[in-house]
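All remarks here apply to the structure that follows.
A short reminder: the numbers here are calculations on the coordinates, not readings from a lab. Small disclaimer: the values here were computed from a predicted structure and weren't measured. With ideal geometry, Cβ positions are generated from the backbone for all residues, glycine too; neighbour counts draw on all protein chains shown.
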Amino acid sequence: MFTLSQLESFVAVAETLHYGRAAERLSMTQPPLSRRIQLLERELGVELFDRAGRSVRLTAAGQAFLGDARRILGLSEQAALSVRRTLEGEVGTVALGFTASAAHSVLDGIVGAVHAELPGVGLVLRERVSGAQLEELRSGELDLGLVRPPVPGTGIAHHPLHREALLVAVPAGHPLAAPDRTPHISDLDGEPFVMYSPAEARYFYEVLVGVFRRAEVVPRYVHYLSQVHTILALVRAELGLALVPRAAEALKLDGVVLRPVVGVEGEPVELVAAWRAGDDNPALHAVRDVVTGLADRGAF
């Protein structure tokens, strides 16, 4: 049977496609790394890498095995963390999931407060889209998630954390970036627009579709992307305009101007904390109380 060290070595090579960089990541030399991969292939009875020429590429079998290998390593990590939990909420480990945009709005405040109020609790941070977080909450791989609503199904409790406005992102030389202009949502009608992916960033896609529908605005979508920083990069390249959450101001991307936009009601972007209802991990209870307390005090 293969070992966790063999799986770890396989994932490192699969992610870097370079034995030298993989060995450096694992703090080892290349020969024992190569032996681990060879032993794993012998155990599985397949070749995981195509070593033709100087390049390293995954075979079809390697690509199929990569997802399972990552899941096995994740489960082993979670199992190791679980056995170290104690019955006291002040000591233990909590796996905390968060979206990429949450990292720019609430994550630093949460991590800082937990470290200050619960110094004996370790946080394992995992960046995930909301759908993946909800799946991992149900499976037990995550304890607490910072997700976008709605939270469907049963067995998951949640608490509102944060709301924020949308800002229009324009290239620095665009007319809407002028100090004397007040952008209106109608200014986006017919304009080239970098949109969120309906598959990978469904929450933001649906928020913006609702905003445009209510304003009777029809932008011209030129690209669909999932991450705010990538969207802003395309705005800087003058490929289109965008609407992004106010937290994007923290990115401070040169060549992009973020402006409040008239015609968008309130603060349509929401974030909630979610956890398994009935979870008996005392450390989770303690961290959850810190997080929801911050939200109730308006700290975000």
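To the nearest 10 degrees, how steeply does helix 202-215 sit against the main Cα axis of the chain, on a 0 to 90 scale?
The answer is roughly 10 degrees.
[x] 42, 21, 18; [y] 31, 29, 19; [z] 39, 29, 16: which one is semi-axes √(5λ) of the Cα gyration tensor in Å as calculated from this entry?
Among [x] 42, 21, 18; [y] 31, 29, 19; [z] 39, 29, 16, the one derived from this structure is [z].
To the nearest 10 degrees, how steep is helix 60-83 against the longest Cα principal axis of the chain, on a 0 to 90 scale?
The two axes meet at around 90 degrees.
Between His18 and Ala250, what is the spin-label point distance in nm, taking each point 7 Å from the Cα along the Cα→C-beta axis?
The answer from the label model is 3.0 nm.
With no solvent and one equal point scatterer placed on each C-alpha of segment 118-215, evaluate the Debye formula and give log10 I(q)/I(0) for q = 0.24 Å⁻¹, two decimals.
Taking Cα atoms of segment 118-215 as identical point scatterers yields -1.37.
Between the helical axis of 130-139 and the dominant principal axis of the chain, each derived from Cα atoms, what acute angle in degrees is found, rounded to the nearest 10?
In the chain, helix 130-139 runs at an angle near 40 degrees to the longest axis.
If R₀ is 22 angstrom, what is the calculated FRET efficiency for the pair Glu77 and Leu125, using the beta carbon separation as r and rounding to 0.05?
According to the calculation, E is roughly 0.95.
List the trypsin sites (Lys or Arg not before Pro) in segment 225-300 that DSSP assigns to loop (not H, G, I, E or B) and whose Cβ has at most 16 other Cβ atoms within 10 Å. Which are they?
Taking segment 225-300 and a limit of 16 other Cβ atoms within 10 Å, the loop trypsin sites (Lys or Arg not before Pro) found are Lys252, Arg297.
Using a Förster radius of 51 Å, what is the FRET efficiency between Thr3 and Asp180 based on their Cβ-Cβ separation? Nearest 0.05, please.
Efficiency, rounded to the nearest 0.05: 0.20.
How big is Rg to Rh over segment 165-264, alpha-carbon atoms, Rh as the Kirkwood inverse-mean-distance radius?
Numbers: Rg = 12.1 Å, Rh = 13.2 Å.
Rg/Rh for segment 165-264 comes to 0.92.
Just report the Cα centroid separation between segment 1-70 and segment 140-167, whole Å.
36
For a quick check: with amide H placed at 1.01 Å from N, whose amide H comes under 5 Å from His184's, ignoring anything fewer than 5 positions away on the same chain?
Val262
Dipole size in debye (nearest 20) for the chain around its Cα centre, Lys and Arg Cβ +1, Asp and Glu Cβ -1? Can you show the working numbers first?
Details: 29 positive and 36 negative charges, 146 e Å.
Charge dipole of the chain: 700 debye, to the nearest 20.
How long are the semi-axes of the equivalent ellipsoid of segment 93-136, taking √(5λ) for every eigenvalue λ of the Cα gyration tensor, in whole Å from largest down?
20, 13, 6
Helix-only estimate, please: 222 nm mean residue ellipticity of the chain, summing -39500 (n - 2.57) across DSSP H runs of length 4 or more and dividing by its residues, to the nearest 500.
Details: 9 runs with 118 residues, N = 300.
Taken over the chain, the calculation gives -12500 deg cm²/dmol.
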